[in-house]
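A short worksheet on the structure shown next.
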Amino acid sequence: MKQITGVTVVVLGLSGCAFSGPSVPVSPDGNSKMSVNSAAIVAEVTAQYAQQQAALRLKTAAPREEIQLPLAQIVERYVPSDYKVYVDESVDLRQSIWYDPSKAWTESLGGALTNAGIEMTANLQNKVMVLKTGTTSITQAIEKYVPSEYLVFADKNIDLSKRIKYDRSKQWTEELGKALSAIGVHMIANLEKKVVVLKSLPVVDPGISVAGSTSRIQIIQQ
């Protein structure tokens with residue numbers, strides 16, 4: 001009799017161990033609540049929340065609305081029909097540019113044309129708009145568009161502050177040579193030796209004597 005009682009006590013003791021721990025609370029939607037009493041769990045929950053918020057911002061953010069069209073189509077579509085538009089003959093109306101229709105047309109078109117190297121002047125009162133190829137000084141054009149590893153030599157009688165029309169959509173050798181030729185300056189670019197020579201007269205393989213320099217451009221003595 002004592003032996004049976006002892007067994008009964010042991011069984012009850014084990015049962016108590018199995019059911020005495022705290023139960024996992026359940027939320028009204030049926031999901032178990034997690035105990036967040038450790039730094040690792042707190043960090044995980046915080047990271048998940050941050051990811052959810054980032055995804056939400058992406059869904060609610062205004063989509064990028066930039067479109068790429070030929071300049072002629074953008075002018076036809078977005079410049080008010082009561083405007084008179086004058087275009088310089090050097091401007092290529094077939095050139096594709098990026099345009100953001102979500103912005104005011106003056107802001108979006110002005111920025112897009114600047115990026116394409118085209119100057120825009122808009123008179124809102126008289127409803128007139130003028131487009132022309134952007135101009136830059138010879139020095140600025142060389143600083144911006146001639147690769148930095150090139151040596152550039154120029155005759156001392158060339159006015160390097162003189163402005164030229166420069167189309168940034170074209171290769172620099174072609175466009176810079178064309179732009180300089182229009183103002184009477186001749187350019188020779190030796191792509192192998194990475195040398196550019198500017199002269200106001202036809203170039204005949206000069207023996208170059210450097211008289212001085214301004215920025216990257218070496219001034220040569222005649």
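So here's what we get for this one:
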{"item": "Residue within segment 121-128 that is over 25 Å from Ala72 (Cβ atoms) and in contact (Cβ under 8 Å) with a residue 24 or more places away in the chain present", "result": "no"}
{"item": "Per-region count, segment 104-118, residues more than 17 Å from the chain's Cα centre (by Cα) and buried (at least 16 other Cβ atoms within 10 Å of the Cβ)", "result": "2"}
{"item": "Within segment 119-195, strands (runs of 3 or more DSSP E) holding 2 or more residues that are surrounded by 14 or more Cβ atoms within 10 Å (Cβ to Cβ) and more than 25 Å from the chain's Cα centre (by Cα)", "result": "128-133, 151-155, 163-165, 186-190"}
{"item": "Residue in segment 121-128 that is of a type in the set (D, E, K, R), under 30 Å from Leu191 (Cβ atoms) and not assigned by TED's automatic domain parsing to the domain that holds Ile183 present", "result": "no"}
{"item": "Lone qualifier among Asp82, Asp29 - being exposed (fewer than 10 other Cβ atoms within 10 Å of the Cβ), acidic (Asp, Glu) and modelled with pLDDT under 70", "result": "Asp29"}
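Results for (1) more than 20 Å from Asp88 (Cα to Cα); (2) touching an Asp or Glu at 6+ places or on another chain (Cβ under 6 Å); (3) modelled with pLDDT of 85 or more; (4) not hydroxyl-bearing (Ser, Thr, Tyr), shown as yes or no for each residue.
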site: Ser148; (1), (2), (3), (4): yes, no, yes, no
site: Leu151; (1), (2), (3), (4): yes, no, yes, yes
site: Lys162; (1), (2), (3), (4): no, no, yes, yes
site: Arg168; (1), (2), (3), (4): no, no, no, yes
site: Ala182; (1), (2), (3), (4): no, no, yes, yes
site: Leu191; (1), (2), (3), (4): yes, no, yes, yes
site: Asp205; (1), (2), (3), (4): yes, no, no, yes
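The values are calculated or read from the model by the stated rules, or taken from the named source; none is laboratory data. For clarity, every value in this text was computed on a predicted model and none was experimentally measured. Methodologically, a virtual Cβ is constructed for each residue, glycine included, from the backbone with ideal geometry; neighbour enumeration extends over all protein chains shown.
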